Amino acid sequence: MTRLTLTADRAGERADALLCRLVPDLTRSAAQKLLERGAVTSAGKPVRKNDRPAPGQALELALPDPEPVAILPQNIPLDVVYEDTDVIVVNKPTGLVVHPAPGHPDGTLVNALLYHCGTSLSGINGELRPGIVHRIDRDTSGLIIAAKNDRAHLALAAQLQDHSLARTYEAVAVGGLKEDSGTVDAPIGRHPVDRKKMAIDRKNGREAVTHWTVLARYPGYTHVECRLETGRTHQIRVHLASIGHPLLGDTVYGAKKPVPGLAGQCLHARRLRFVHPSSGQTVELACPLPDWFQEVLRKIDR
């Protein structure tokens, strides 16, 4: 059994909502079950789901031992950039889905990590599985981090919230950006008509901030670096498309016709920086541009 100490940081928030926010991947129903079982206490007394802990109040959470999930480990080659007892960082190739989902029941990064890591996996939410801390799209390549235990998972999730876990991407955008750098600060939510897409939603969307810098200019295209301040679904793709510069090859937010020789959008997660959950030291990692990305740059440099 894993025991975690959480600290309430908002006034008037229900205990079940607080747990969902502070514990990555914990659903509301799972949080309520933990509260109903008396697995959450404060000063030795059980906390009920409709209690509203005061800011600064400490909560003790006893997570049950995780149960194996019905996802099979698969011996899929991984390009491991960094690994220790707490975290693993992988350079994901294009075409590899992160999580099993309808249409992709296996052959995913999770299947590969289950095989590679064995029992050294995060167990938050009562399931034994790799603690995927953030996700990248199937056709986006580059660095992605997973936690091997609950403590590391919580620490990295907190860094996502306070932006100390930094992710930097490189992309090729269509058209020439007028400025050499800029910021897109626009909330993102589900598209009002096509629920498979995301869109700028200034009324109900979640905060999303992308900082971009021009790396090189080509006829009709711009090679840019994008630094995420938040991590919304399709954030870079939506933000650059919103300012009139969709990513090359992005048939969802840009031109519908695929680019010959390019599988999806031209986007690569190049750099990752995080504070190590155990040592407290800053870890900075980078991976090279893949061959397909470099070939794109050669083709547009005409």
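Side notes on the structure shown:
- Normalised per residue, the accessible area of the chain is 50 Å², obtained with a 1.4 Å probe and no contribution from ligands, DNA or RNA.
- Taking the charge dipole of the chain about its Cα centre, with +1 at Lys and Arg Cβ atoms and -1 at Asp and Glu Cβ atoms, the residue from GLY261, ALA186, VAL172 reaching farthest to the positive side is ALA186.
- Entry note, the chain: the mean residue ellipticity at 222 nm calculated from DSSP H runs of n ≥ 4, each adding -39500 (n - 2.57), is -5500 deg cm²/dmol after division by the residues and rounding to the nearest 500.
- Restricting segment 261-302 to chymotrypsin sites (Phe, Trp or Tyr not before Pro) that sit in a DSSP loop and have at most 12 other Cβ atoms within 10 Å of their own Cβ leaves nothing.
- With every protein chain in place, segment 134-233: carbon and sulfur % of accessible area (1.4 Å): 45 percent
- Gaussian network model of the chain, springs between alpha carbon atoms under 10 Å - residue of GLY142, GLY95, GLY44 with greatest fluctuation: GLY44
- Based on alpha carbons, the Rg and Dmax found for the chain are 20.6, 70 Å.
- Listed residues TYR218, GLY131, LEU63: farthest to the positive end of the dipole of the chain (Cβ charges): TYR218
- In segment 154-199, the trypsin sites (Lys or Arg not before Pro) that fall in loop regions by DSSP, at most 13 other Cβ within 10 Å: LYS178, ARG195, LYS196
- The trypsin sites (Lys or Arg not before Pro) of segment 35-119 meeting both criteria, a DSSP state outside H, G, I, E and B (loop) and at most 16 other C-beta atoms within 10 angstrom of the site's C-beta, are ARG37, ARG48.
- The chain: most fluctuating residue of ASP185, ASP139, ASP86 per GNM, C-alpha cutoff 10 Å: ASP185
- P(r) of segment 253-302 over all Cα-Cα pairs, binned every 10 Å from zero, in whole percent: 19, 35, 23, 16, 6
- Anchor LYS196: lysines whose Cα lies under 30 Å away (excluding residues fewer than 8 positions away in-chain): LYS92, LYS256, LYS257
- Straight Cα distances below 16 angstrom link LYS33 to the lysines LYS49, with same-chain residues fewer than 8 positions distant left out.
- Inter-site label distance for HIS163 and TRP292 at 7 Å from Cα along Cβ, in nm: 3.2 nm
- Projection of the Cα convex hull of segment 112-233, averaged over all directions and equal to a quarter of that hull's surface, yields 9.8 nm².
- A P(r) calculated from all alpha carbon pairs of segment 184-263, with 5 Å bins opening at zero, reads 3, 15, 24, 25, 18, 11, 4, 0 percent.
- Separation of the TYR115 and HIS191 label points, Cα + 7 Å toward Cβ, nm: 3.4 nm
- Using R0 = 25 Å, the C-beta based FRET efficiency linking ALA58 and ARG273 works out to 0.25.
- The charge dipole of the chain, taken about its Cα centre with unit charges on the Cβ atoms of Lys, Arg (+1), Asp and Glu (-1) only, comes to about 900 debye.
- Build a GNM of the chain with springs between Cα atoms under 10 Å apart, and of ALA11, ALA208, ALA155 the one that fluctuates most is ALA11.
- If you take all other residues with their beta carbon under 15 Å from the beta carbon of PRO290, and give Lys and Arg +1 and Asp and Glu -1, the sum is 0.
The values are calculated or read from the model by the stated rules, or taken from the named source; none is laboratory data. Since we're looking at a predicted model, the values are computed, not measured. Cβ: placed from backbone, ideal geometry, glycine included. Neighbour counts: every protein chain shown. Ligands, DNA and RNA are excluded from the accessible area calculation, which covers all protein heavy atoms including side chains. Shrake-Rupley method; radii C 1.70, N 1.55, O 1.52, S 1.80 Å.
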